[in-house]
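Here is the structure we will look at.
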Amino acid sequence: EARGEARGRIEKTREAICKFMTKRFGIDPGETTQRIKQIPDLETLDNLMEELFAANTKEEAQVIIDRYITRTLQ
């Protein structure tokens, strides 16, 4: 049950990131979803979201996401 709860929190955080990217930068939510699915843990997603809040441009936000994905895949 704890794993299911954790998965639920991860999914909610991913949804929040996608909504933010769509509202702030007009980025297609499907594109963001596919990219951040590569980030498997809640702590990393939370840190990503905090950094995205400070992004001023779509390009800057995409660089931040890329950096987190690269770290995750290492």
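Results for (1) at pLDDT 95 or above; (2) in contact with a Ser or Thr (Cβ under 8 Å, 6 or more places away or on another chain), shown as yes or no for each residue.
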position: Arg3; (1), (2): no, no
position: Lys23; (1), (2): yes, no
position: Pro29; (1), (2): no, yes
position: Asn47; (1), (2): yes, no
position: Glu50; (1), (2): yes, no
position: Arg67; (1), (2): yes, no
**Request:** Taking Phe53 as meeting all but one of (1) surrounded by 12 or more Cβ atoms within 10 Å (Cβ to Cβ); (2) in contact (Cβ under 8 Å) with a residue 12 or more places away in the chain, write down the number of the exception.
**Result:** (1)
**Request:** Go through the residues of segment 1-18 one by one and say whether even a single one is surrounded by 12 or more Cβ atoms within 10 Å (Cβ to Cβ), outside any helix (DSSP H, G or I) and touching a residue at least 24 places away in the same chain (Cβ under 8 Å).
**Result:** no
**Asked** Can Glu59 be described as among the acidic types (Asp, Glu) and surrounded by fewer than 11 Cβ atoms within 10 Å (Cβ to Cβ)?
**Response** yes
**Request:** Please go through segment 24-73 and pick out each residue that is part of a helix (DSSP H, G or I) and acidic (Asp, Glu).
**Result:** Glu31, Glu43, Asp46, Glu50, Glu51, Glu59, Glu60, Asp66
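The values are calculated or read from the model by the stated rules, or taken from the named source; none is laboratory data. A quick note: this is a predicted structure, and the numbers were derived from the prediction, not measured. Using ideal geometry, Cβ is built from the backbone for each residue, glycine included, and neighbour counts are taken over all protein chains shown.
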